[in-house]
Amino acid sequence: MNPYIDDDLATLAEHVRRFAVGRVAPGFLERDTTRVLDRTLMREMGQMGFIAPELPEQSGGQGLGCLAAGVIHEEIARADLSLSYINLLASLNGQILAHHGKPEVVQHWLKKLTQGEALIAIALTEPRGGSDAGSLRLKMERVGDHYVLNGEKTSISAADQADAAVVFARTGTVESGAHGVSAVLVPMDLPGITRNRFDCHGQRAIGRGSLFFENVKVPVDHLLGQEGKGFVQVMQGFDFSRALIGLQVLAVARVALEETWEYVAQRHSFGQPLSAFQGVSHPLAEWDTQVVAARLLCLQTLWLKDKGAPHTAEAAMCKWWGPKLAYDVIHQCLLMFGHGGYDHGLMEQRLRDVLGFQIGDGTAQIMKTIVARTRAGRAAVPI
């Protein structure tokens, strides 16, 4: 019995799982090899209401709440973490557009987003840094009724596949720090944009790369939030995505554990199943315990968001603990399978996929600082 998942959400989860098992899982390894995001699957997910269901109906969503988005998200991630990036980016950017964009500009994108017809990236990180907003250098200057962008973004998920991007750029002086950073919605087909793709260790279907802006003209009405306050305003939506990331990676750890429990119960050594040896079963029991606890934390965070209650510290906990725990769990599961786990296949790809979340979308060090500031106060934790 889960206190956060009622009968309706449990039914929704089962509905999504049938789709994930039947449509998403079969192409898991192939997408890793071809590095191509399946747009047909993305449209199917949109048609079934699986993309950003927490958005209101007028924005193309279903108004189901953030817990519903989390339930869907983890079921897709169980089948393919890389493909579940569709859900992650849609929920993060959907919230940003709905809350901070001008309706006449963003409604078109929100409908395409929820229908699986558009993929929107979030472009924050630069070669000089990502988490430190004060170091951002990409310039955005107003010229008449347009902003002109010049600079580079790097380590951007879906950089070479996105149809648009939420771009953070500097409109103020460097000395103004985060308060001189604005956010703007940039369609990726505008003149002056070039992009590339990295050869990443994991998450290959969604990919990661750089965006280059050379005198790119974006209409002023594409500004998200207020000029000079985009980072401060828009970053509030990251609490939501951090909880989703926790569920995303833990879903992969959960399915790895399920397969490993089954394997050690069936595999025999010295006349007994491997699970009879405490050196095998006790570590798995410990990892299983921690995964259950971490998942409850993620669900609690989404529940708090649905209630309109503060959840910044909890979200940061989800982001630093979830990816590390998932990686450690999958690593141990892989070892339990021996060379069968080490061979190219499901377990080793899962390990590669979850590792990326210890790097991107906020490092563990930044997340722990957020927790410390929430608990002790920003003045007591200035850096």
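In the condition set (1) touching a residue at least 12 places away in the same chain (Cβ under 8 Å); (2) surrounded by fewer than 19 Cβ atoms within 10 Å (Cβ to Cβ); (3) polar (S, T, N, Q), T173 is compliant with all but (1). Of the numbered criteria (1) within 20 Å of the chain's Cα centre (by Cα); (2) at pLDDT 95 or above; (3) of a type outside the set (A, V, I, L, M, F, W, C), the one Q47 fails is (1).
Based on this model, can you work out whether R242 counts as more than 16 Å from E152 (Cβ to Cβ) and assigned by TED's automatic domain parsing to the domain that holds M367? For R242, the condition - more than 16 Å from E152 (Cβ to Cβ) and assigned by TED's automatic domain parsing to the domain that holds M367 - is met.
In region 114-170, of all residues being basic (K, R) and crowded, with 18+ Cβ neighbours inside 10 Å, the one that is modelled with the lowest pLDDT corresponds to R170.
The values are calculated or read from the model by the stated rules, or taken from the named source; none is laboratory data. As the structure is a computational prediction, the values presented were derived from the model and not from experiment. All Cβ positions, even for glycine, are placed from backbone atoms using ideal geometry, and neighbour counts span all protein chains on display.
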